[in-house]
Each structure stands twice: as structure tokens, then as C-alpha cells.
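Report on one structure; see the data block that follows.
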Amino acid sequence: MKMNMGLASGIVIAVSKSDKHTFSKENCSSIKLLKGLGVEGDAHLGKTVKHRSRVAANPNQPNLRQVHLIHSELLDELKDRFNVATGQMGENITTKGIDLLELPKDSLLYIGETAVIKVTGLRNPCAQIDQFKPGLMNAVLDRDQQGNLIRKAGIMSIVLESGEVHPGDEIRIQLPPIPHTRLERV
């Protein structure tokens, strides 16, 4: 991560959305983040959960999964075995230069001119990932030295301030107050 005036920063590589509950999302020239809702025109837009399994469990839960981010470094790691392109793993924003998985819960990401999102947790990959590319689930899950599960399929966030996001936009990170809380699945 590059340090910039005390804030780590990276860039947006791609932006994607889908108005249907499909696994992959289509790359766009820009997306609009809407405060408290998510990505305009995306199937996961809303104040309450939109993910089908979560709706079935309790449709009134707050939507902590409004914007999904994946680091392009993961796609680079997978390219020899799976050749996954931006947006194909369901992310709305593909980043470069930020270790997304190491960000603490409640980190703020300032993207482009006005958009601000708050990190809520880790994406928990589901069986759809193997339907997309057999074996991909194992590739995005790992274990640390203590045997704890590591989820590498990106992070989830909510929109605090609306704004347009484009490939090439800078992402500035503001960490929450200490003590930091490690990301858990949401």
C-alpha cells in the first residue's frame, strides 16, 4: 500500500454491476454509489438484505453487503488456473494496491471525488463459485498456521456518501480508531 498524507491508497481497476441475481457482474465505464443503498442498478441495492439466502432467513436484516470489493492481486494469483476477469466473481469494485483482507472492520474508503464506503466484513464464498469455475472455492479459501479459515474472495461494505466511481479513481483509506477489529464474514 502506498502512503499518502497518513492514509494508505490504491486505485480502482474496474467497476461492475448486474440488475439480476447472477454470479458475475458486467464491467461498466462507471457505477453510482447511493448513500445507504449500494450500487444503482445492481440487484443487491437496498437498505435490507438482498442476498437470496439471507432474505430467506430474515428479509428485514440490514444490508451490510451493499458494495463488494475484490483486490486484483487475487485475480492475478488465480489467473494460471482459472483465468477470472474483473466482475466475474460478483464484485462491484476491483481494486489494486490495497490489501483489502487486512483492513479492520469500519475502515472508510474514499473513492473518487465524493463516494465514501465503510467496510463491514469479509465475503463468504458460496457453492455458486464452484458452479462458475470448478475448484475455485478451494482456491479462494485457505488456512493460517493455526488452522483458522482465511476467506480471500473480497470484502463487503455499505455506502456512507453517494458518488460516481470510475476505473482509475484513487481509493484513500481511513482506519477506524484503535483497537481495530478483524474482519469476519458478513
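The values are calculated or read from the model by the stated rules, or taken from the named source; none is laboratory data. What you see is a predicted model, and the numbers here were worked out from it, not measured in a lab. Don't worry about glycine lacking a Cβ; one is built from the backbone with ideal geometry, like all the others, and counts go over all protein chains shown. Note: accessible area is taken over every heavy atom of the protein model, side chains too, but ligands, DNA and RNA are not part of it. Shrake-Rupley method; radii C 1.70, N 1.55, O 1.52, S 1.80 Å.
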Review point. Just in segment 67-153: which trypsin sites (Lys or Arg not before Pro) are loop by DSSP and have at most 12 other Cβ atoms within 10 Å?
Key: LYS79, ARG81
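What GluC sites (Glu not before Pro) in segment 27-130 are in a loop by DSSP, with at most 15 other Cβ atoms within 10 Å of the Cβ? Intermediate values should be presented prior to the final figure.
Details: sites: GLU40, GLU73, GLU77, GLU91, GLU102, GLU113; in loops: GLU40, GLU91, GLU113.
Hits after loop and neighbour filter: GLU40, GLU113.
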Exercise for review: Take ASP19, ASP144 and sort them by solvent-accessible surface of the protein heavy atoms, 1.4 Å probe, largest at the top.
Suggested key: ASP19, ASP144
Point to revise | Label-to-label distance, nm, for residues given as PHE23 and LYS79 (7 Å Cα→Cβ offset) | key: 2.2 nm
Review point. Size of the dipole of the chain about the Cα centre, Lys and Arg at +1 and Asp and Glu at -1 on the beta carbon, nothing else charged, in debye to 20?
Key: 580 debye
